[in-house]
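Beneath this line is the structure, given in structure tokens, with notes to follow.
The values are calculated or read from the model by the stated rules, or taken from the named source; none is laboratory data. Worth saying up front: this structure is predicted, and the values here are computed from it rather than measured. Using ideal geometry, Cβ is built from the backbone for each residue, glycine included, and neighbour counts are taken over all protein chains shown.
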Amino acid sequence: MTRVLVVNHDPVVAAEQAETLRGAGYDVELCGGPAAGPCPVLDELPCPLVDRADALVYDAWAAGHGEGGRQLVDHLRDTYADLPIVLTGVTPALDWVVTIGPHRVTPLAGQPGAEQLVAAVILALTEQGMAV
């Protein structure tokens, strides 16, 4: 079974996303992100939750602000170059979001609906490794 790690600073949104993904057949783990507690990824260290995941669903604001999100994605990509990342909560203000190259993500604007979230995870898993 494919394991997805959902990282979101809002526990209600995280629970909704987890339920959606479980309903689509994924095994899901949750994390509150760096805003909720120490995050090894920000220290450029491996994370046991990320180590177990086949795909990541990260809130762009999980680190508390847009620049923190960029740093988080940069560190994730430096440590986990080929792990698919779906980035939720994307807004035009996040000019660092890229869909190709070494720091690529699959972006989703705002809080996606269930179908959008599942489709983005499927797309990210399908494209895994293609953009490196």
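The single condition among (1) of a type in the set (A, V, I, L, M); (2) assigned to a loop (DSSP other than H, G, I, E, B); (3) under 16 Å from Val118 (Cβ atoms) that Ala93 does not satisfy is (3).
Among the candidates Arg52, Arg70, which residue alone is among the basic types (Lys, Arg) and farther than 20 Å from Thr2 by Cβ? Criteria check complete, one pass: Arg70. Checked across segment 102-115, the condition of being surrounded by fewer than 20 Cβ atoms within 10 Å (Cβ to Cβ), of a type in the set (Val, Ile, Thr), modelled with pLDDT of 85 or more and outside any strand (DSSP E or B) holds for no residue.
Taken as a whole, the structure places Gly23 among residues that are touching a residue at least 12 places away in the same chain (Cβ under 8 Å), touching a helix residue (DSSP H, G or I) at 6+ places or on another chain (Cβ under 9 Å), on the phi < 0 side of the Ramachandran plot and exposed (fewer than 14 other Cβ atoms within 10 Å of the Cβ).
In segment 57-81, what residues are of a type in the set (Ser, Thr, Tyr) and in contact with a strand residue (DSSP E or B) (Cβ under 6 Å, 6 or more places away or on another chain)?
Correct list: Tyr58 only.
Screening the candidates Pro46, Pro40, Pro34 for the property of being surrounded by fewer than 17 Cβ atoms within 10 Å (Cβ to Cβ), within 21 Å of His103 (Cβ to Cβ) and in contact (Cβ under 8 Å) with a residue 12 or more places away in the chain yields one hit, Pro46.
Residues being hydroxyl-bearing (Ser, Thr, Tyr) and under 16 Å from Gln111 (Cβ atoms): count how many of those fall in segment 58-97. Before you say what the answer is, go through the steps one by one.
Keep residues of segment 58-97 that are hydroxyl-bearing (Ser, Thr, Tyr), which gives 58, 79-80, 88, 91.
Within this subset, residues satisfying the condition of being under 16 Å from Gln111 (Cβ atoms) are 58, 88, 91.
Matching residues across segment 58-97 total 3.
Scan segment 6-13 and tell me whether some residue there is modelled with pLDDT of 90 or more, within 15 Å of the chain's Cα centre (by Cα), within 19 Å of Val121 (Cα to Cα) and assigned to a loop (DSSP other than H, G, I, E, B). Among the residues of segment 6-13, at least one is modelled with pLDDT of 90 or more, within 15 Å of the chain's Cα centre (by Cα), within 19 Å of Val121 (Cα to Cα) and assigned to a loop (DSSP other than H, G, I, E, B), which makes the answer yes.
The residues in segment 15-47 that are in a helix (DSSP H, G or I) and at pLDDT 95 or above can be counted, and the count is 9. Checking the structure you have, find out if any residue of segment 62-85 is assigned to a strand (DSSP E or B) and farther than 18 Å from Leu30 by Cα. Among the residues of segment 62-85, not one is assigned to a strand (DSSP E or B) and farther than 18 Å from Leu30 by Cα, which makes the answer no.
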